[in-house]
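Below is one structure, written out as structure tokens; comments come after it.
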Amino acid sequence: MNYFPDEVLEHVFDFITSHKDRNSVSLVCKSWHKIERYSRQRVFIGNCYSISPERLIARFPGLKSLTLKGKPHFADFNLVPHDWGGFVYPWIKALAKSRIGLEELRLKRMVVSDESLELLSKSFVNFKSLVLVSCEGFTTDGLAAIAANCRFLRELDLQENEVDDHRGHWLSCFPESCTSLISLNFACLRGEVNLGALERLVSRSPNLKSLRLNRAVPLDTLQKLLMRAPQLVDLGIGSYVHDPFSEVYNKLKIAIQRCKSIRSLSGFLEVAPHCMSAIYPICGNLTFLNLSYAPGLHGNKLMKLIQHCRKLQRLWILDCIGDKGLGVVALTCKELQELRVFPSDPFGAGNAAVTEEGLVLVSAGCPKLNSLLYFCQQMTNAALITVAKNCPNFIRFRLCILDPIKPDPVTNQPLDEGFGAIVQSCKGLKRLSLSGLLTDQVFLYIGMYAEQLEMLSIAFAADSDKGMLYVLNGCKKLRKLEIRDCPFGDAALLEDVGKYETMRSLWMSSCEVTLGGCKSVAEKMPSLNVEIIDECEQMEFNLDDKQKVDKMYLYRTLVGHRKDAPEYVSIL
Amino acid sequence: MGKEGLGLEITELRLGLPGADSDSSHRCNVMIDKNEKKRAFSEISEDDVEEGNRKKTTIKNQVVGWPPVCSYRKKNSFSDKDGSAKASKMYVKVCMDGAPFLRKIDLGMHEGYPHLAKALEKLFGEALRNAESCEFVPIYEDKDGDWMLVGDVPWEMFMEACKRLRIMKRADAKGFGVLTSKEALY
């Protein structure tokens, strides 16, 4: 193909959109590498510390869209201290200085300051899309800057961020001339918004397809918004509380019926269950329903709602749906591909949870199921074996038994055989999270059968180093391994340090690895950053190599030790 | 960071159960029962820890980061008794022995005890440093009006129960009537 002019190759490469494929293309030969890098517009960086902004800019001068991830996954569960890192400011600063015409920025688990948002809003004329997932560090002042300065903004999508809400007028900062919005999601904000400004904004945004409101937006505003935006495809309802006999509620019913394009529904952050019938007319079209923030919706009202959703492909729900409710899902949602069942009560239990029965019902009724996140009271091997038989197409299988070391309650055995069946049957499995009582045996199965596995999460499992070794030796495509509270020590850690260069990262906390073991990895593999996170600051007083390390996070990098680590992080 | 100031208990990321002192004083972790092959959770009371036999109690929610639900979701989707989700602002008064005036902090802004400890140190750093080498104990007043030692119960439970905080001189603690969570039951 080398005798084709560059423009032809470039045109061909345009059809290659996945990051993996484009990365492969760039490795073929020098000329392909060059053409690929100049034509590359979208870059995904799974660990912001694996590369520097300067090198990114140098390689991809045509960059338009950047995705960055910061903190390790276990940061979601408070296992990573607050100021560990993941700051986006240096990236924005470097991009602003360069000639990059950034149009889209997608961040996950990063620290985003108001300063960064302000700089971002002022530095890129064509900036169109900001997506922040599980980020923190900013306030509504930063959002005001984005609203005010990004003249062609199409997308502002805030998902599950910790935002300091100054109750401002950030919504009012969208100028009258801003009519380009396609997607606006501020469901995670806690404060009031200027409802008039919101109504005016929606009125002048004819392309608005996705709107997710926060709980401060009351029902009567919702009704007005829906009247102005019947073209919506994705709706997140904030407050859904009203008197079912009121005028407003009648108006809402009419407004909802006009919204024939809605395929995705979420929110109900505050809900009066007796008002749900207004939603029924659009349920038949829904492909995604997210009720995981609506603990007020359960029992018969919930089941009735679900019975209307025959086309559902993705369902996110709380465990107050119960096994019975999952039975209704199994009977109704034959197109279901993804199910997430979250716990509704942090202190566990009682009647609010689901068991293995619900999962078995769904697996039997929904043959297309390929993605699962399931928080449950208990699980049995028999159930897992049945599920594996019913649904061999799992790509993601994440099971969380609320008591993390609970055995099969019927046989009192560990759940090795059950998970073994899952990995053996689901040949395309890419992501797996384990829980329950588990021995080294389950890891033997994983190493043997989980050939496509890319991400594995382990907690309170295994008997010995063998467990970890089975996984490291067997799973050739492993990219992310995160382990907590398992008896894995230096022997497992050091067996094959070269493996870690083929992975994005390894997290081990409350295991048996020692400072000496970690130092050894760092010595042998200069291409890895081996971080010891020591919040209790006990390492300060005792630098004995035999000391066990509380938290270790190692990742491959091309740019060596990061300079922004806090005091309690040592990079070996 | 010096060890005077707040009692170290609050800054230890206790992955095991409160009340059980970690014998491997080098780390904060779940206690391992060496008699059993699997990792076991230690018992709630210190007395049982002394015993040889350990039952595997289902204390699934007293471990940091378990269940693995992200903190945003924890704050926003767990059901209250009255059906409404948790309030976003949970300001409580904090007083410290020897400090001239009280402060207020928002418990909802903190993810756990270590985070709270750091925030308190920021607020009272001056007073802590000026105090003459005495140790402090953080206590809180719960909904029943009892003064409890900070750190015993899971963070979420603490957030709900805490009405006010006090950083008390350890010397004054004797005979003050601070209850541990066990005593409060009787």
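Before moving on, here are some points about what is shown:
- Highest mean packing comes first when the peptides A:414-422, A:231-239, B:92-100 are listed by Cβ atoms within 10 Å, giving A:414-422, A:231-239, B:92-100.
- Convex hull volume per residue in cubic angstrom - Cα atoms of segment A:447-491: 69 Å³
- For chain A, the fraction of C-alpha pairs farther apart than 44 angstrom is 22 percent.
- Partner shielding of A:503-512 amounts to 2, given as the average count of beta-carbon atoms from other chains within 10 Å of each residue beta-carbon.
- Beyond 26 Å in Cα-Cα separation lie the following of the pairs A:334/A:430; A:406/A:466; A:224/B:75; A:260/A:301; A:476/B:74: A:224/B:75; A:476/B:74.
- Antiparallel DSSP beta bridges within chain A, as percent of all bridges there, nearest 5: 15 percent
- From the Kirkwood radius over Cα pairs of segment A:1-61, Stokes-Einstein at 20 °C and 1.002 mPa s returns a whole-number translational diffusion coefficient of 175 µm²/s.
- Theoretical gain in end-to-end length, residue A:99 to residue A:11 [0.36 nm per residue, Cα-Cα removed]: 29.3 nm
- Diffusion coefficient, µm² s⁻¹, Stokes-Einstein with Kirkwood Rh over alpha-carbon pairs of segment B:91-172 at 37 °C and 0.692 mPa s: 254 µm²/s
- Each of A:15, A:174 was scored by other Cβ atoms within 10 Å of its Cβ. Listed from fewest to most, they are A:15, A:174.
- Proxy reagent accessibility, fewest Cβ within 10 Å first, across A:202, A:362: A:202, A:362
- Mean Cα-pair separation over length for segment B:91-172, i.e. relative contact order, pairs under 8 Å, 6 or more apart, %: 37 percent
- Pairwise Cα separations in segment A:158-215 fall into 5 Å bins from 0 onward with the following percentages, short to long: 4, 19, 29, 27, 16, 5, 0.
- A simple spin-label model places pseudo-atoms 7 Å from Cα toward Cβ; at residue A:177 and residue A:50 they are separated by 4.1 nm.
- Here segment A:307-333 is scanned for amide nitrogen atoms under 17 Å from the site 7 Å beyond the Cα of residue A:368 along Cα-to-Cβ, giving A:307-316, A:329-333.
- Radius of gyration, Dmax [segment A:501-571; alpha carbons; angstrom]: 11.6, 35
- Cβ-Cβ FRET estimate between residue A:499 and residue A:29, R0 fixed at 25 Å, reported to 0.05: 0.35
- Above-threshold pairs, the threshold being 24 Å between Cα atoms, out of A:108/A:524; A:34/A:480; A:480/A:524; A:93/A:128: A:108/A:524; A:34/A:480
- Exposure proxy order (Cβ contacts within 10 Å, fewest to most) of A:54, A:356, A:176: A:176, A:54, A:356
- Across segment A:375-466, the mean sequence separation of Cα contacts (distance under 8 Å, 6 or more residues apart), normalised by length, yields a relative contact order of 31 percent.
- Cα→Cβ-extended label distance, 7 Å offset, between residue A:248 and residue A:83, nm: 4.4 nm
- Distance in nm between pseudo-label sites at residue A:115 and residue B:102 (7 Å out along the Cβ direction from Cα): 3.5 nm
- Remark: relative contact order (chain A) = 6 percent; criterion is Cα-Cα distance under 8 angstrom and separation of 6 or more residues.
- Inter-chain shielding of A:402-410 (mean C-beta neighbours from other protein chains, 10 Å cut-off): 4
Each reported figure results from applying straightforward, stated rules to the coordinates on display, with no laboratory input. Since this is a predicted model, take the numbers as computed values, not measurements. Positions of Cβ are generated from backbone atoms using ideal geometry, with glycine treated the same way; all protein chains shown enter the neighbour counts.
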